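For reference, the structure discussed in these notes is given below.
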Amino acid sequence: MNPPNPKVRWGVLGYARIARESLIPALLRSTNSEFCAIASRDPGKLLECRGRFGEVRGYRGYAELIKDPDIEAVYIPLPNSMHREWAVRAAEQGKHVLCEKPLGLNAGECQTMIAACESNRVNLMEAFMYRYTHRTRQVLDVLRSGVLGEVKFVGSTFRFLLSNPASIKLKPELGGGSLYDVGCYPVNFTGLVADAVAGARPGETRPSSVAAGFVREGGVDVSFSGVLTYSSGLIASLNSGFNAHPFVHSEIIGTQGVLEVSDTFFGNAGVLTVVAGDKRTEIPVVESDRYRAEVEDFADAVRGRRPPLFGLAETVRNAETIDRLLAAG
Ligand SMILES: NC(=O)c1ccc[n+]([C@@H]2O[C@H](COP(=O)([O-])OP(=O)(O)OC[C@H]3O[C@@H](n4cnc5c(N)ncnc54)[C@H](OP(=O)(O)O)[C@@H]3O)[C@@H](O)[C@H]2O)c1
């Protein structure tokens, strides 16, 4: 009998909020991964991290961590403008790369990162955690069931009220703005639905035309609305923002019914609602440990020498769509 695969040994580049609140705890809960090293510019954060999560290796610079020969995979939760550089540098050191969304600031950056990971034979994935939820699987099941008839419209919104004026989300030089930060989710969701209803391969279906409006403050968009039109007759309305009350919701409307998806991008329990004529049907959604599922899939991919479940064709399509939306506004 072969011995079981040892756990994948992870390092984290930057003691970011998403790393300390979500990803590092998910690594600790996972069955196939081990949190082994943290890199931070700030020695105080290294101390805090090790106090909270245990005696992992601490590096004062990201370049030092990626040279550690014991580290197999890195998680990159740096500001969006730094994803490309550090993903490429990590790949060149032979590290597998799980990188936060949006993978790059544009499709060209994404292609550079993909080429670097391919030539160094390491996995790369954009960390779209909502793709690992029961809610997303239920949405796809409803679409495949045909209960909505021919799908004509997708609406999808991710908004919240940003209270921290020092946030990287408000800094243009760090890749801030609501479309990059949360609008990338409705873009991704719309692509997922468009592929599903067309019976296309992931990442294949592209809009034939794109329109966009932005409210900009301090060099970043704080509110965005866009329209994607497809040659099939499908039309999508996308919204993001961090200047108004939180609202995370999508609806998919077909000739025979409507699917309402509250909390589209979250892992909480809830319901999907299908409305068809006078009939409302609630489909239960169970809570998902989405960050753990994401890291376990990625680690299985590293060990299994297969691509992770959320693929790069969709990442490239997402980045191209964001490029077109930014150019249209
Ligand atoms: N998947 C999700 O659910 C989710 C949720 C939120 C954010 N995100 C993504 O995760 C990434 C980080 O977001 P966050 O909200 O966690 O950000 P954050 O708390 O501001 O963390 C960013 C980290 O980047 C490092 N950094 C390096 N240069 C920096 C600079 N010039 N200014 C600021 N920080 C710098 C810092 O780490 P050190 O000081 O330790 O070196 C900092 O802790 C973004 O790409 C974002 O889109 C994903």
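The values are calculated or read from the model by the stated rules, or taken from the named source; none is laboratory data. Since we're looking at a predicted model, the values are computed, not measured. All Cβ positions, glycine included, derive from the backbone under ideal geometry; neighbour counts span all protein chains shown. Side chains are part of the model used for accessible areas, which takes the heavy atoms of the whole protein and leaves out ligands, DNA and RNA. Shrake-Rupley method; radii C 1.70, N 1.55, O 1.52, S 1.80 Å.
Tabulated values for the structure
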| read-out | value |
| --- | --- |
| Pair list, Cβ < 6 Å and 6+ apart or interchain, from segment 9-20 residues that are within 20 Å of ALA91 (Cβ to Cβ) to residues that are near the ligand (Cβ under 8 Å from one of its atoms) and assigned to a helix (DSSP H, G or I) | VAL12/ALA19; LEU13/TYR62 |
| Residue within segment 285-293 that is modelled with pLDDT of 95 or more and farther than 30 Å from GLU72 by Cβ present | yes |
| Per-region count, segment 226-256, residues more than 20 Å from ARG317 (Cβ to Cβ) and either within 23 Å of the chain's Cα centre (by Cα) or outside the structural domain of LEU179 (by TED's automatic domain parsing) (or both) | 10 |
| Residues of segment 162-174 satisfying the condition of being more than 15 Å from SER223 (Cα to Cα) and out of contact with any Pro (no Cβ under 6 Å at 6 or more places or on another chain) | ASN164, PRO165, ALA166, SER167, GLU173 |
| Matching residues in segment 106-120 - criterion: being buried (at least 19 other Cβ atoms within 10 Å of the Cβ) and free of Cβ contacts under 8 Å to residues at least 40 places away in the same chain | MET113, ALA116, CYS117 |
| Count of segment 265-308 residues which are open to solvent by 30 Å² or more (accessible area, probe 1.4 Å), in contact with a Gly (Cβ under 6 Å, 6 or more places away or on another chain) and either on the phi > 0 side of the Ramachandran plot or of a type in the set (Gly, Ala, Ser) (or both) | 1 |
| Filter pass, GLU260 being within 22 Å of the chain's Cα centre (by Cα), open to solvent by 20 Å² or more (accessible area, probe 1.4 Å) and touching a residue at least 40 places away in the same chain (Cβ under 8 Å) | no |
| LYS169 vs. criteria away from the ligand (no atom under 16 Å from the Cβ), modelled with pLDDT of 95 or more, basic (Lys, Arg) and touching a Gly at 6+ places or on another chain (Cβ under 7 Å) | no |
| Matching strands (runs of 3 or more DSSP E) fully within segment 1-61 where at least 1 residues are more than 15 Å from the ligand (Cβ to nearest atom) and either hydrophobic (A, V, I, L, M, F, W, C) or buried (at least 22 other Cβ atoms within 10 Å of the Cβ) (or both) | 8-13, 33-39 |
| Long-range neighbours under 7 Å by Cβ, at least six apart or interchain, first residue closer than 16 Å to THR190 by Cβ within segment 140-158, second open to solvent by 80 Å² or more (accessible area, probe 1.4 Å) | LEU148/GLN256; LYS152/THR255; THR157/PHE247 |
| Filter result for VAL74 (open to solvent by less than 20 Å² (accessible area, probe 1.4 Å), assigned by TED's automatic domain parsing to the domain that holds ALA299, assigned to a strand (DSSP E or B) and near the ligand (Cβ under 10 Å from one of its atoms)) | no |
